[in-house]
Amino acid sequence: MTTTDELVQRIAIKDVLTRYARACDERDWPAFDAVFAETVSVNYGGEFELDGRGAVVDLIRSMLGGCGPTQHLLGNFEIAVEGEHACSACYVRAAHAGLGDRSDSCYEVWAEYRDALVLTSEGWRIAERHMLVHKEVGSRDILGPA
């Protein structure tokens with residue numbers, strides 16, 4: 001039986017995952033402080049392996065900063081909480097539109113985020129993220145810095 005505290009923690013973790021998606025789409029770089037642990041380790045599909053929140057945010061900014069509108073949709077959440085540690089998995093479908101002379105182009109990725117989270121004094125933070133890419137449509141060429 002799931003306890004009330006576990007449900008509260010699962011909702012708090014889902015909020016962190018959603019905050020990530022909104023921060024990407026709103027280009028709210030400071031919001032990532034409330035998403036990633038400072039020492040986060042990330043593997044975005046094998047090509048991009050990074051350590052440290054600053055490096056991860058710099059990568060996200062370099063991909064989305066010069067891109068047109070984006071929409072990161074998350075779903076099918078699985079969250080397991082054990083004390084101050086948690087694991088989560090969720091699907092992501094991220095649509096990216098081009099900008100300027102590439103405004104007619106789109107890039108979309110269907111993937112899964114598998115995260116390890118840690119409870120800090122400021123709330124849950126992603127400590128490790130692995131992105132498993134299932135399908136890509138369009139060209140990554142529309143991604144880039146501002």
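Annotations
- Tally of residues being open to solvent by 30 Å² or more (accessible area, probe 1.4 Å) and farther than 20 Å from A31 by Cα across segment 73-94: 12
- Out of R129, R114, R102, sole residue that is open to solvent by 60 Å² or more (accessible area, probe 1.4 Å) and touching a strand residue (DSSP E or B) at 6+ places or on another chain (Cβ under 7 Å): R114
Yes or no, residue by residue, for (1) within 17 Å of the chain's Cα centre (by Cα); (2) under 18 Å from L50 (Cα atoms); (3) among the polar types (S, T, N, Q):
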{"site": "R93", "(1), (2), (3)": "yes, no, no"}
{"site": "S103", "(1), (2), (3)": "no, no, yes"}
{"site": "W124", "(1), (2), (3)": "yes, no, no"}
{"site": "R129", "(1), (2), (3)": "yes, yes, no"}
{"site": "S139", "(1), (2), (3)": "no, no, yes"}
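- Total residues in segment 104-146, condition polar (S, T, N, Q) and under 20 Å from P69 (Cα atoms): 2
- Among the residues of segment 3-10, at least one is basic (K, R), assigned to a helix (DSSP H, G or I) and closer than 19 Å to E128 by Cα.
For (1) within 25 Å of A55 (Cβ to Cβ); (2) of a type in the set (A, V, I, L, M, F, W, C), each residue gets a yes or a no:
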residue: I79; (1), (2): no, yes
residue: E82; (1), (2): no, no
residue: C87; (1), (2): yes, yes
residue: A146; (1), (2): yes, yes
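- Candidate set: segment 1-13, residues that are in contact with a strand residue (DSSP E or B) (Cβ under 6 Å, 6 or more places away or on another chain) and of a type outside the set (A, V, I, L, M, F, W, C); chosen: the one least open to solvent (accessible area, probe 1.4 Å): Q9
- Selection count, segment 16-69, where residues are among the β-branched types (V, I, T), surrounded by fewer than 19 Cβ atoms within 10 Å (Cβ to Cβ) and not in a helix (DSSP H, G or I): 1
- Within segment 132-146, being closer than 17 Å to L74 by Cβ and open to solvent by 90 Å² or more (accessible area, probe 1.4 Å) holds for H134, K135.
The values are calculated or read from the model by the stated rules, or taken from the named source; none is laboratory data. Keep in mind that what you see is a predicted model, and the values were worked out from it rather than measured. Note that each Cβ is placed from the backbone with ideal geometry, even for glycine, and that neighbours are counted across all protein chains shown. Calculation scope for accessible area: heavy atoms of the full protein, side chains included, ligands and nucleic acids excluded. Shrake-Rupley method; radii C 1.70, N 1.55, O 1.52, S 1.80 Å.
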